[in-house]
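The values are calculated or read from the model by the stated rules, or taken from the named source; none is laboratory data. Because the structure is a prediction, the values reported are computed rather than measured. When we count neighbours, we look across all protein chains shown, and the Cβ atoms used for this are built from the backbone with ideal geometry, even at glycine.
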Amino acid sequence: MSICAEHISFAYNGQPVLFDFNMELPAHGIVALSGPSGCGKTTFLHLMAGLIMPDSGSVKGIDRHRIGVVFQEDRLLPWLTAAENLNLIFRNPAQTAEWLLNMQLSEQANFYPSELSGGMKRRIALARALAFDCDLLLLDEPFQGLDQDLKERMYERVREAALTKPVLMVTHDTLEIAELADQVYQASGPPLSVK
Amino acid sequence: MPDNLQHQKPNSDAQSTEHIKSGSGMLHIAPKRKAGLKRLYWIPVALFWLILWQIVYQFVHQDLLLASPLQVFGRLAELCRQPDFWLATLYSLLRIEAGFILAVLSGTVLAVLTARYAWINHFIYPAVSAIRSTPIASFIILALVWMSSNRVVIFIVFLMVLPIVWTNVMEGIRKIDPLLLEMAAVFQLSRRQIFRYIDVPSVSPFFIASATTGLGLAWKAGIAAEVLSTPANSLGGRLYEAKIYLETPELLAYTILIITLSLLLEKLLVAILQNTGKYFHRHGRIEIPGNLDKKPAVQGENSIESTSEKNNKSGGLT
């Protein structure tokens with residue numbers, strides 16, 4: 001069963017951000033959502049993640065309600081090291097070590113977020129979401145701060161994840177869209193509309 | 001390697017004796033001796049104030065108005081030889097700390113409740129505001145009517161410290177980053193994990209600040225309550241007697257003792273809280289298989305990280 005957002009409306013401070021918005025995601029593959037800043041893309045992602053409730057409408061098809069998210073911000077716990085931040089989610093040191101290796105961050109395992117570069121923090125945030133056992137993966141500008149070489153490696157990880165689950169990715173980068181997306185929605189708004 | 005890792009300066013307080021090679025190839029010896037000397041900074045400061053005190057004493061030249069440092073410390077030494085003095089110190093300490101601990105516990109519980117339920121805050125806020133703006137003497141006199149002098153001290157300390165702990169801890173709870181809580185919700189962290197890894201580290205700086213400020217105030221309020229209620233075996237009672245008999249050296253000796261006790265207990269409290277944080281941090285650490293649990297040596301100037309700097313990074317109440 002595919003995941004779909006049905007007739008979603010949401011207003012913020014009286015301003016409609018989404019109005020009777022519909023979107024259906026495939027069972028697997030990468031869907032890109034691109035559009036100008038402030039058109040409601042991130043709000044839609046938060047609605048899909050269940051972080052905010054719609055005024056009307058619903059999201060259907062997420063059975064276990066397990067959703068992996070790469071937020072716009074890295075949202076790492078500043079008092080935990082890179083490894084501890086990952087292990088907090090995985091609860092499995094072997095898996096943590098494996099993902100640190102995958103992300104080429106083994107040497108930074110015991111670094112605190114304040115000691116990591118922007119790109120390193122982004123990779124931890126990506127690893128956290130990619131390794132999370134989930135039904136849907138939501139990525140909000142997931143590759144910001146990464147150089148091209150790292151981006152290529154991360155694309156591979158995202159493609160692997162998209163083999164078994166739908167991935168909804170918000171991005172402004174046309175290269176990322178060309179490289180990754182199976183389906184592209186061009187957004188405008190608010191209220192958010194796509195074509 | 002990012003830039004921010006290539007310029008880590010060694011902690012100036014470090015006790016390291018490591019040799020640090022600078023970019024110019026010069027070998028610098030880490031300043032262990034300098035750090036040791038730095039800790040003795042208080043000696044010239046203390047000497048300055050003692051000399052100033054002596055100058056003022058000689059200027060005033062009336063023992064009744066101001067005793068000399070020698071007279072005061074001499075009197076303090078005499079007092080230290082009396083068992084009653086230690087008994088008074090012990091009882092004052094117990095009363096003040098009892099009030100302080102009660103206030104810290106109640107203030108924390110109250111902060112959790114008021115942060116969670118706004119309606120409790122509506123009820124509590126006016127009372128706490130009233131306590132804050134009421135002169136302490138009014139409470140002491142009222143409390144003397146209500147209870148025994150021993151309990152007055154505990155009650156007054158409790159009353160003075162409670163608002164500080166309550167407001168600070170509540171502020172800490174309100175300042176917990178909602179973005180981190182959203183992350184915790186998305187990745188389905190347990191309530192216990194959220195408490196340990198988000199709530200406690202977020203609130204602990206506010207808690208430590210309120211506890212240390214509160215402890216200083218506890219001594220001021222507690223001694224003031226003892227002066228007015230004069231319970232048996234109390235430093236406040238001794239102060240009151242010194243005032244009655246115009247024993248200025250004794251009055252100043254007790255004052256110095258109270259200041260010293262207050263400062264020592266504050267340092268002890270901070271050490272206890274920090275070590276508790278470090279203990280939990282150590283026991284929360286994970287063992288990463290393989291050779292991943294070592295920080296790499298960072299190349300470049302001042303790249304060797306001192307032991308104390310590492311401890312500082314992993315320290316704190318986290």
A:Glu176 fails exactly one of (1) outside any helix (DSSP H, G or I); (2) more than 13 Å from the chain's Cα centre (by Cα); (3) under 22 Å from A:His46 (Cβ atoms), namely (1)
Result of the Cβ filter at 7 Å on the range A:87-100, keeping first residues that are more than 9 Å from chain B (Cβ to nearest Cβ) and surrounded by 24 or more Cβ atoms within 10 Å (Cβ to Cβ) and partners that are in a helix (DSSP H, G or I) and of a type outside the set (Val, Ile, Thr), at least 6 apart or interchain, is A:Trp99/A:Leu86; A:Trp99/A:Ala127
Within the range A:49-71, identify whether any single residue is part of a helix (DSSP H, G or I) and either modelled with pLDDT of 90 or more or closer than 20 Å to A:Ala161 by Cβ (or both), and answer yes or no. yes
Checked pairs for the range A:27-43, first assigned by TED's automatic domain parsing to the domain that holds A:Ala181, second hydrophobic (A, V, I, L, M, F, W, C) and exposed (fewer than 14 other Cβ atoms within 10 Å of the Cβ), C-beta under 7 Å and 6 or more apart or across chains, list as A:His28/A:Leu163
Condition set within 8 Å of chain B (Cβ to nearest Cβ) and in contact (Cβ under 8 Å) with a residue 40 or more places away in the chain, scope the range A:111-135, selection surrounded by the most Cβ atoms within 10 Å (Cβ to Cβ): answer is A:Arg128
Screening A:Glu141, A:Glu107, A:Glu156, A:Glu160 for residues that are of a type in the set (Asp, Glu) and in contact with a Pro (Cβ under 9 Å, 6 or more places away or on another chain) leaves only A:Glu107
Listed by first then second residue, the pairs whose first member lies in the range B:240-254 and is without any contact (Cβ under 8 Å) to a residue 40 or more places away in the chain and more than 16 Å from B:His61 (Cα to Cα), whose partner is surrounded by 15 or more Cβ atoms within 10 Å (Cβ to Cβ) and of a type in the set (Val, Ile, Thr), with beta carbons under 6 Å and at least 6 positions apart or on separate chains, are B:Tyr240/B:Val227; B:Tyr240/B:Thr230
Do we find that A:Ile67 is in contact with a Cys (Cβ under 8 Å, 6 or more places away or on another chain) and within 14 Å of chain B (Cβ to nearest Cβ) in this structure? yes
Within the range A:4-24, residues being buried (at least 22 other Cβ atoms within 10 Å of the Cβ) and under 17 Å from the mean Cα position of the chain (by Cα) number 0
Within the range B:110-126, the residues that are surrounded by 13 or more Cβ atoms within 10 Å (Cβ to Cβ) and either free of Cβ contacts under 8 Å to residues at least 24 places away in the same chain or more than 19 Å from B:Phe158 (Cβ to Cβ) (or both) are B:Leu113, B:Ala115, B:Ile120, B:Asn121, B:Tyr125
Of the residues in the range A:36-58, those that are touching a helix residue (DSSP H, G or I) at 6+ places or on another chain (Cβ under 6 Å) and away from chain B (no Cβ under 14 Å) come to A:Pro54
Of the listed residues (B:Ala225, B:Ala218), the one being modelled with pLDDT of 90 or more, crowded, with 19+ Cβ neighbours inside 10 Å and under 30 Å from B:Asp63 (Cβ atoms) is B:Ala225
The residue that is modelled with the lowest pLDDT, considering only those in the range A:156-172 that are surrounded by fewer than 16 Cβ atoms within 10 Å (Cβ to Cβ) and not β-branched (Val, Ile, Thr), is A:His172
